[in-house]
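We did not get these values from a lab; they are worked out from the coordinates using the rules stated. Just so it is clear, the structure is predicted and the values come from calculations on it, not from any experiment. Counting neighbours? That spans all protein chains shown, and the Cβs are built from the backbone with ideal geometry, glycine included.
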Amino acid sequence: MKNALILVLTICTLSALAQNDQEKGNKTEVAHKYRVSFPVIILPQLVSKSWEDRTHTQHIEFHVKRNLDNKNIIGAKFATWRLFQPMGITWWDGLLDKIESQSEFYPGYVRETGLGITYQRMLWKGLFATVEVLPQFKTYLDENNKKIANGFKLYNSYHLGYHIAFGKKKRFFIEPQVHSQHWIFDTNTPEGFKYLDDKWGNYFLFEPNLYFGVNF
C-alpha cells in the first residue's frame, strides 16, 4: 500500500508539473510534435542467437511520444519480453555468472506484456529524466511453452539520459541513458517461480541503455 501511494503521488506531481509548464510554454512552438523510439538493445537479439534459445528474452519494445512543449513529453510505451530467471538479480549479485551457471533459471519462462504511460522532462540542454509506468499481463510457461498460469505486475522505471538529435532538421535522435526499475503487485506466481523470485529483490538498478528514435 505504501508503494502504491508513493507511485500515485509521483504520477500526480509529474502531471501537474507538465500541465503547468505546458500553459507557460504555449507560446513556444516545438520543432517536432511527435516522436517514436525503441531501445537499440533489441536489435542484436534478432541475429545473435535462435529466437527459442533458453536465454533469449524475445524483447520487443517501442515508444510513441507527444512533445507538449520544449520541456515536457508524454507518451505510450508498449513492451513484451520473456524472462528465464528472476529480474531482481543485480550486477553485484553475479548476474552474468548466474546466467552462465544456470543456477537460478526458472522451471520455464515468464512472458510479460504491457501498455503503459511515460513522462519525460528536459532538465538542461539535452539532459532529461523519465518516469515510466507499465502494467503487465504475465503468462507462466513450462520449458515446452505450455501455459501454467496468468498473473499481473506493475513495472516502473526511472531514467536519466541525454537527448542527441542529428540529421536534416534534427529528424533523428539517440538517447544514451541509465535507468533503474522496481515492480509491485506481482500476483499469482506459481510456487516454482515464486521460490526463486523470493530470493531476490523487486528492483534492478543502474541498467545502461541506448534508444534510437525519429521525430516527426
Arranged from highest to lowest average of other beta-carbon atoms within 10 Å per residue, in what order do the peptides 113-125, 68-80 appear?
-> 68-80, 113-125
Percent relative contact order for the chain, counting Cα pairs under 8 Å at least six residues apart, stands at 19 percent
Calculate the dipole size of the chain relative to its Cα centre from +1 charges on Lys and Arg beta carbons and -1 charges on Asp and Glu beta carbons; express the result in debye to the nearest 20.
-> 1100 debye
Residue list for the range 117-146, given a label point 7 angstrom along the Cα-to-Cβ vector of SER180 and an amide N cut-off under 16 Å | 129-132
A correct Karplus calculation of ³J(HN,Hα) over the range 59-67, with 6.51 cos²θ - 1.76 cosθ + 1.60, θ = phi - 60°, whole Hz and x for Gly and Pro, returns 7, 10, 7, 8, 10, 10, 10, 10, 7
Once the other residues with Cβ under 14 Å from the Cβ of LEU141 are scored (Lys, Arg +1; Asp, Glu -1), what is the net sum?
-> +2
Tell me, in nm to one decimal, what length is gained between ASP198 and ALA149 on full extension, where the rule is 0.36 nm per residue of separation less the Cα-Cα distance?
-> 15.8 nm
Per-residue ellipticity at 222 nm attributable to helices in the chain (runs of n ≥ 4 DSSP H, -39500 (n - 2.57) apiece, nearest 500 deg cm²/dmol) works out to -5500 deg cm²/dmol
As straight-line cross-link partners of LYS194, the qualifying lysines (C-alpha separation under 21 Å, not fewer than 8 residues apart within one chain) are LYS98, LYS138, LYS146, LYS147, LYS153
Ordered by packing density, taken as the mean number of other Cβ atoms within 10 Å over each peptide's residues, highest first, how do 51-61, 169-179 rank?
-> 169-179, 51-61
Alpha carbon centre of the range 111-130 versus the range 170-211: separation in Å?
-> 14 Å
Read through the labelled values (1) 75, 43, 30; (2) 99, 58, 30; (3) 57, 42, 31 and report the label of the one computed as Cα extents along the principal axes in Å from the structure.
-> (3)
Anchor LYS170: lysines whose Cα lies under 29 Å away (excluding residues fewer than 8 positions away in-chain) | LYS24, LYS27, LYS33, LYS65, LYS71, LYS77, LYS125
Can you list the HN-Hα couplings for the range 71-88, worked out from phi with the Karplus curve (6.51, -1.76, 1.60; θ = phi - 60°), rounded to whole Hz and with x for Gly and Pro?
-> 10, 10, 10, 10, x, 10, 10, 10, 8, 9, 7, 10, 9, 10, 8, x, 6, x
Using the Karplus curve 6.51 cos²θ - 1.76 cosθ + 1.60 with θ = phi - 60°, work out ³J(HN,Hα) for each residue of the range 119-133 in order, rounded to whole Hz, and write x for Gly and Pro.
-> 9, 10, 10, 7, 9, 7, 6, x, 5, 9, 10, 9, 10, 10, 10
